[in-house]
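Novice: The structure under discussion is supplied below as structure tokens; questions concerning it will follow.
The values are calculated or read from the model by the stated rules, or taken from the named source; none is laboratory data. Only a predicted model underlies this, so the values are computations on that prediction, with no experimental measurement involved. Cβ placement follows ideal geometry from the backbone for every residue including glycine, while neighbour counts extend to all protein chains displayed.
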Amino acid sequence: MKSEIIQSLTKNFEEHSFTTEEGIEFWFARDLQHLLGYAKWENFSKVITKAKISCEVSGNDVSNHFPDIRKTIAMPKGASKEIDDLMLTRYACYLITQNGDPRKEAIAFAQNYFAIQTRKFELIEQRIKDWERLQARQKLTYSEKELSELIYEQTGNDRNFGIIRSKGDQALFGGKSTKQMKTKLGIPQNRPLADFLPTITIKAKDFATEITVFNTKEKSLGNERQISAEHITNNRSVRKILLERGIKPEELPAEEDIKKLERRVSSEEKKLGKNPDGLKK
């Protein structure tokens, strides 16, 4: 997600926040509905119900984070009417976003925005970068699992996947093998290379793997030689795109161990559920 988009979304969400006399920040549910891209209140109400259940399960008082209110809104020709609404704490908003589709930009942003207790833009941006790297690594795991199963179906050998993946790495990293890349980046040989790669490289590996999976099925590739040649070609093609944009994957530095990153993000989310600020004192 680009910095300009994050800045714009941050401004939009902050402009719709309010503060009680006790200093507790909150959002109106009707505002959050539109901020998250829900067209119908009925659909958004279902998400709120799920969030309330999560709040209760976590041991927090639902009425403290989702108090009901009535709001008067203007109607055509000077008329007005009352509608149902809720005051939502930051924690309530966070629970609501967890039930949304993270592929939607506004929801992906909101999941991270409400998870951060501070309002600092830099922390929000960093957490989103961490989250995107975790999502990319998880996606690569799924696509590699699919390719591994496909290779086993076609060749009857579960060792072939490791060989094919290694050849793909060599094509992506300009001739450097997986082992050489681990040595270059200071990665333990018993750990997956992808656990220490930056997001752009993880996504590059995933894209090449997805193409290999697709073409293995479409072209009915039936042995290691054919699948290996396909995977090498795809990784070379992805490398070519990166080089054209000035990116040399073998020159990018290693990033934080994905396992440590997972533990840190998970710890932050657990802390969020312990005694979150509520609207009732």
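Novice: Let me spell it out: the conditions are (1) closer than 30 Å to Trp27 by Cβ; (2) outside any helix (DSSP H, G or I), and Ser267 meets all of them except one. Which number is the exception?
Specialist: Result: Ser267 passes all but (2).
Novice: Identify the single condition in (1) outside any helix (DSSP H, G or I); (2) modelled with pLDDT of 90 or more; (3) β-branched (Val, Ile, Thr) that Ile96 does not satisfy, given that it satisfies every other one.
Specialist: (1)
Novice: Being free of Cβ contacts under 8 Å to residues at least 40 places away in the same chain and under 26 Å from Asn157 (Cβ atoms) is true for just one of Lys176, Lys219, Lys240, Lys205. Which residue is that?
Specialist: Only one candidate passes the filter, namely Lys219.
Novice: As an exercise: evaluate Cys55 against (1) in contact (Cβ under 8 Å) with a residue 24 or more places away in the chain; (2) part of a strand (DSSP E or B) and give the number of the one condition it does not meet.
Specialist: Of (1) in contact (Cβ under 8 Å) with a residue 24 or more places away in the chain; (2) part of a strand (DSSP E or B), only one is false for Cys55: (2).
Novice: Go over the candidates Pro276, Pro253 one by one and state the one that is assigned to a loop (DSSP other than H, G, I, E, B), closer than 22 Å to Thr178 by Cα and touching a residue at least 12 places away in the same chain (Cβ under 8 Å).
Specialist: The conditions single out Pro253.
Novice: Which residue out of Tyr152, Tyr142 is outside the structural domain of Asp101 (by TED's automatic domain parsing), modelled with pLDDT under 95, among the aromatic types (Phe, Trp, Tyr) and in a helix (DSSP H, G or I)?
Specialist: After applying the criteria, what remains is Tyr152.
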